[in-house]
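**Q** My questions all concern the structure below.
Taken together, the values in this text are just the output of simple stated rules run on the coordinates, not laboratory data. The shown structure was predicted, so the numbers you read here are calculated from the model rather than taken from an experiment. We place every Cβ from the backbone using ideal geometry, glycine too, and count neighbours over all the protein chains shown.
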Amino acid sequence: MTENILLERITVDQGVMAGKPILRGTRLTVEFILNLLAHGSSWEDIIEEYPDVRREDIQAVLLFACRLLEQTEYLPLMTEESE
């Protein structure tokens, strides 16, 4: 599956979830899926809990986040050592 086809699984609608990027046809935000993954949920856990989610949806979430980070300029994070 091409990247463009994967990214079509992500949509933004100002009337849904305050305009946050979501999985097309759901109210599940990219942020929510990333948070589940970051806290240890497996792809299988997410698919089992949310039957409308497919493996390609999770792949699209990761690709979307990657593309977003590619476009971001970074500033150093404040650490305890730099305070």
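**Q** Whole-Hz Karplus ³J(HN,Hα) for the range 46-61, in order, using 6.51 cos²θ - 1.76 cosθ + 1.60 and θ = phi - 60°, x for Gly and Pro?
**A** 5, 5, 5, 6, 10, x, 7, 8, 10, 4, 5, 5, 5, 4, 5, 4
**Q** Rounded to two decimal places and with Rh computed the Kirkwood way over Cα pairs, what is Rg over Rh for the chain?
**A** My calculation puts Rg/Rh at 1.05.
**Q** Return the calculated 222 nm mean residue ellipticity for the chain, to the nearest 500 deg cm²/dmol, obtained by summing -39500 (n - 2.57) across DSSP H runs with n ≥ 4 and dividing by the residue count.
**A** -12500 deg cm²/dmol
**Q** Can you tell me how much longer the chain between Thr72 and Glu56 gets when fully stretched, taken as 0.36 nm per residue apart minus their C-alpha distance, in nm with one decimal?
**A** Length difference between fully extended and current span is 3.3 nm.
**Q** Taking a label point 7 Å from the Cα of Lys20 along the Cα→Cβ vector, which residues of the range 50-79 have an amide N closer than 19 Å to it?
**A** So the set is 50-54, 57-69.
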